[in-house]
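Here is the structure we will look at, set down as structure tokens.
The values are calculated or read from the model by the stated rules, or taken from the named source; none is laboratory data. Everything numeric here is computed off the predicted structure, so don't read it as measured data. Glycine gets a Cβ as well: all are built from the backbone with ideal geometry, and neighbour counts include every protein chain shown. Quick note on the areas: whole protein, heavy atoms, side chains included, nothing else; ligands and nucleic acids left out. Shrake-Rupley method; radii C 1.70, N 1.55, O 1.52, S 1.80 Å.
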Amino acid sequence: MKPSEIRQSFLDFFEQRDHQVVPSAPVVPQGDPTLLFTNAGMNQFKDLLLGNEERDYKRATSSQKCIRAGGKHNDLDEVGKDGRHLTFFEMLGNWSFGDYYKRQAIEWAWEYVLEVLELDVDRLYVTIYHDDDESFGIWTEDIGLAAERVLRLGEDENFWSMGPTGPCGPCTEIHYDLHPERGDFEFVEGYDEERINEIWNLVFMEYDRDEDGNFDPLPLKSVDTGLGLERVSMIMAERDNVFHTNLFTPIFVTLFELLGEDPGQDLDAFYGRDDFQNFAVIADHIRTVTFAICDGAQFSNEGRGYVLRRVLRRAVRYGRNLGLTQPFMHRLASTVVEHYGNSYPELEATGEQAAELIRLEEESFFRNLDRGLELFEDAAEVAESEGRSQLSGEEVFELHATYGFPPDLTEIMAEERDLSIDWEMYERLWEEHRETSRGKDVHADGAGVGDWDTIHEGPADIFVGYDTLQESTQIQKCRHLDGDDYELLLERTPFYAESGGQVGDRGTIAKSGGALSFEVTDTQKTPMGIVHRVRRTEGKPTDDALRGEFKASVDSRHRQKTACNHTATHLLHAALREEVSDSIFQAGSLVAPDRLRFDFRHGSAVSKDELRRLEQRVNERIRQRLPVEIATDVERDTAVEEMGAMAIFGEKYGDKVRVVQIPDESVELCGGTHVENTGAIGVFRITSESSVGAGIRRIEAVTEEEALQTFQQDREVLERVAGLLKSDVSNLEDRLQSVLDERRELERQVDSLSQKLADQGASKMLDDAASVDGVTIIARVLDVGDRDQMLAYADKLRDQLGETEAAILLGARVDEKAALACLLTDTAFETHRIKAGDLINAVAEFVDGRGGGRPTLAQAGGSNPDGLPAAIDAFEDAVREALS
């Protein structure tokens with residue numbers, strides 16, 4: 001079974017047993033501050049298990065995207081060292097919320113393993129919590145498993161909890177013997193986990209652990225199971241390493257292409273390569289990063305964003321081991337999206353943006369990577385020359401603070417040189433660094449600290465651009481990128497930073513008096529503050545020149561056009577829910593000055609009539625000049641429950657929110673910029689509607705002057721077409737219909753003439769025919785316009801030959817390629833049992849082609865039309881050989 005078939009078979013199995021199939025939750029937890037990432041299928045059911053929520057089902061099943069990199073469940077450092085650990089994986093699960101319990105859960109798991117997966121019962125083993133006598137009795141008495149195959153283990157192995165607090169309980173696990181050929185063994189504590197591999201964990205949720213470690217009984221006894229798709233895929237493929245399955249093959253193939261290796265190389269030989277660990281780590285890490293970014297995570301210097309940054313940089317470093325010296329992870333992200341898009345359509349909806357974010361993050365790290373690697377090598381060589389077996393804390397700190405090397409990445413490199421790290425010194429230096437950085441995050445690094453010049457101390461995230469497009473301010477920090485390109489942090493800024501799909505503002509930052517000025521090309525949010533990406537246009541940015549007062553001025557036209565498109569996006573969203581389906585919700589967007597793009601969840605294409613109604617409705621609201629009302633600092637619950645504001649999936653909101661309302665039309669939580677009334681948009685026009693994945697549709701549109709330009713362009717096209725048809729635009733449709741009628745008549749006449757020519761030509765060919773052992777041979781190169789005309793000759797020859805035994809080969813040059821057709825009369829085939837396909841392939845090699853077809857009619861094409869005469873000349877010998 002393929003992994004996709006395993007996934008579907010699991011969901012089908014439990015759906016047939018009255019389980020609700022529930023979609024995977026995002027890997028970025030929604031509303032649970034205790035989790036960095038969704039690390040188990042039960043995360044989205046936490047409130048159900050705690051008794052805080054009720055749903056209309058008591059049984060559920062799903063295939064959950066999971067990440068275990070950071071926090072209590074962290075497999076980051078184990079990836080690639082064995083064939084079992086991953087940071088991203090898919091967890092197949094089934095749940096009971098106060099319905100069935102241990103006996104039914106165990107019986108169904110055993111049934112699926114034996115009857116659906118058809119695993120060998122002699123290779124299956126079970127572990128249970130040390131005092132769970134009930135589970136032991138079910139396994140040994142009801143299931144009939146021998147007692148020596150059931151092992152009792154302690155809390156570390158067979159007591160499961162989602163995190164340091166929350167639902168938890170004893171569990172029983174099903175294990176599989178990967179290597180029975182190694183002989184008998186004793187299934188006792190300390191068994192060989194490389195051989196006896198856990199595949200399914202059945203957790204019996206009974207308790208709620210509080211912050212003090214106390215266990216309180218849950219209001220409902222529930223079941224939470226997890227079957228690892230990757231491990232089951234490994235077993236079904238008869239492998240002992242999860243990376244040796246076709247879940248990872250597409251990523252490996254893309255890596256082969258990036259490295260210039262043969263993408264079709266023998267995979268068994270590849271799995272045995274000395275450098276395979278590098279491939280495995282990269283393949284695992286790109287899945288983690290891609291799924292996380294597509295689900296709304298961002299790279300940063302804190303929390304999950306910092307974990308993602310570490311994961312990406314680890315992968316980049318392993319890529320360097322393979323010789324990849326340019327950003328490459330974004331290319332692999334596209335492969336992940338393509339491979340998993342059908343199962344998880346949200347990937348296709350946001351995959352393009354995710355790949356771009358990954359590329360930008362890679363480029364940031366690559367700028368410092370070479371220098372960091374050089375400094376590490378220098379430090380390692382010094383340590384070795386001095387007879388030290390340890391890198392100093394100062395060396396590790398410098399690599400982290402200045403060049404963005406996470407300390408765990410330095411640790412890996414050090415281990416490869418048999419060096420350890422003075423962690424005590426490193427931690428002390430890092431703590432001092434935190435204090436001197438005035439509260440900067442512990443994970444700040446080269447993407448946010450090392451190469452910045454501090455001009456003034458203080459915050460750099462005060463945005464005043466809702467109220468003004470110009471602001472007198474000062475530069476807090478400056479960083480030189482390359483040439484005239486810099487990044488600036490301002491004390492206060494009117495520049496809107498890219499967020500919620502809306503692009504960042506552009507404009508200028510100039511010192512009073514004109515001694516120094518910059519053009520702002522983009523504005524981005526970062527953990528440090530609002531970063532302005534700029535290009536120097538005048539003056540030299542010395543420390544003295546960067547001090548003093550600057551005027552920050554937003555490009556008002558850029559802002560206005562972007563605002564038109566953002567408000568139009570809200571109008572389009574509302575129109576979709578009114579005119580197409582009230583179940584439509586936003587899945588992604590782009591709001592730029594020249595266009596807007598709106599992705600939404602919908603099961604079918606939007607019809608032409610629906611698109612027309614959408615356009616009409618939005619333009620009607622524009623003509624009504626409706627006010628766009630904005631309320632700030634609104635309690636989130638008030639906005640959603642009382643005002644009816646719509647929250648966008650994947651966006652993060654605080655307790656206080658900003659509400660954008662168009663009366664009687666749209667109410668959304670939104671931090672973007674908008675026009676004061678809808679009339680400013682001018683006009684709205686849809687330019688395309690398409691699919692971007694299963695269940696995800698995309699509408700692209702333009703407003704204001706871009707919309708007018710599309711009307712002008714259409715007019716120009718119509719005028720050019722009218723000119724070609726010697727008509728005016730008002731009569732163009734009638735004139736075009738007349739031309740099409742004339743063409744159809746000419747085609748009819750050409751077809752009639754072709755038939756007559758074929759009739760005459762066939763007669764001439766019959767007169768010149770050769771004969772081999774009583775079989776008439778006709779072979780000719782024809783001067784025709786297409787294959788249909790060539791086949792018309794073949795039909796005429798068949799008619800005129802009647803009951804004659806005959807073999808015919810016709811050739812023609814069509815669109816600068818060779819076309820061949822071989823015809824056998826029925827009598828020739830029935831008498832001699834020769835086949836047209838064999839004959840045509842005997843001569844197709846002369847035109848660098850190959851063909852096939854029915855026994856009495858075969859066709860071939862070839863890339864070498866100059867070989868047609870040789871193919872015709874060889875046909876008689878081909879028939880003679882076939883007859884013999």
With eigenvalues of the C-alpha gyration tensor scaled by 5 and rooted, the range 748-850, Å: 22, 18, 11
Approximate shape of the range 517-619 as ellipsoid semi-axes (Cα gyration tensor, √5λ), whole Å, largest first: 42, 14, 10
Anything over 20 Å Cα to Cα? Flag those among K477/K551; K46/K656; K477/K525; K2/K65; K65/K102; K477/K561, in the order listed. K46/K656; K65/K102; K477/K561
The chain: projected area of the alpha-carbon convex hull, averaged over directions, in nm²: 52.0 nm²
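Under a 1.4 Å probe, what is the accessible area of the chain per residue, stated in Å²? List each step's numbers first, then the result.
Working: 40020 Å² over 884 residues.
About 45 Å² of surface per residue is accessible.
Translational diffusion coefficient of the range 599-650 at 25 °C, 0.890 mPa s, Stokes-Einstein with Kirkwood Rh over Cα pairs, in µm²/s as a whole number.
Values: Rh = 14.3 Å.
For the chosen part, D equals 172 µm²/s.
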The range 185-196 - phi-based ³J(HN,Hα) in whole Hz, Karplus 6.51/-1.76/1.60, Gly and Pro as x: 8, 9, 7, 10, 4, x, 4, 6, 6, 5, 8, 9
Enter the Cα centre distance for the pair the range 208-266 and the range 137-202, rounded to the nearest angstrom. 18 Å
Angle between the chain longest axis and helix 787-801 axis [Cα atoms, degrees, rounded to 10]: 40 degrees
Checking rank on 847-855, 178-186, 616-624, with mean other Cβ inside 10 Å and highest first, the result is 616-624, 847-855, 178-186
So if I restrict to the alpha-carbon atoms in the range 440-594, what is the Rg, and what is Dmax, the biggest pairwise distance, in Å? 17.8, 60
What list of whole percents do you get for P(r) of the range 36-150, with Cα-Cα distances grouped in 10 Å bins up to the one holding the largest distance? 11, 30, 38, 20, 1
Within 10 Å, count the other beta carbons around each residue, average over each peptide in 567-574, 310-317, and list them highest first. 567-574, 310-317
Within the accessible area of the range 793-868, what % is carbon and sulfur when the probe is 1.4 Å and the other protein chains stay in place? 41 percent
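Translational diffusion coefficient of the range 528-687 at 25 °C, 0.890 mPa s, Stokes-Einstein with Kirkwood Rh over Cα pairs, in µm²/s as a whole number. Don't skip to the end; give the middle numbers.
Working: Rh = 17.7 Å.
Estimated diffusion coefficient is 138 µm²/s.
Order 668-678, 861-871, 264-274 from most to least packed using the mean count of other Cβ atoms within 10 Å. Spell out each step's value before the answer.
Values: 668-678: 20.9, 861-871: 17.5, 264-274: 10.5.
Result, highest mean first: 668-678, 861-871, 264-274.
Quick one: compute a quarter of the convex hull surface over the Cα atoms of the range 94-251 and quote it in nm². If you can, show how the numbers build up before the last one.
Values: hull surface 42.2 nm².
Approximately 10.5 nm², given one-decimal rounding.
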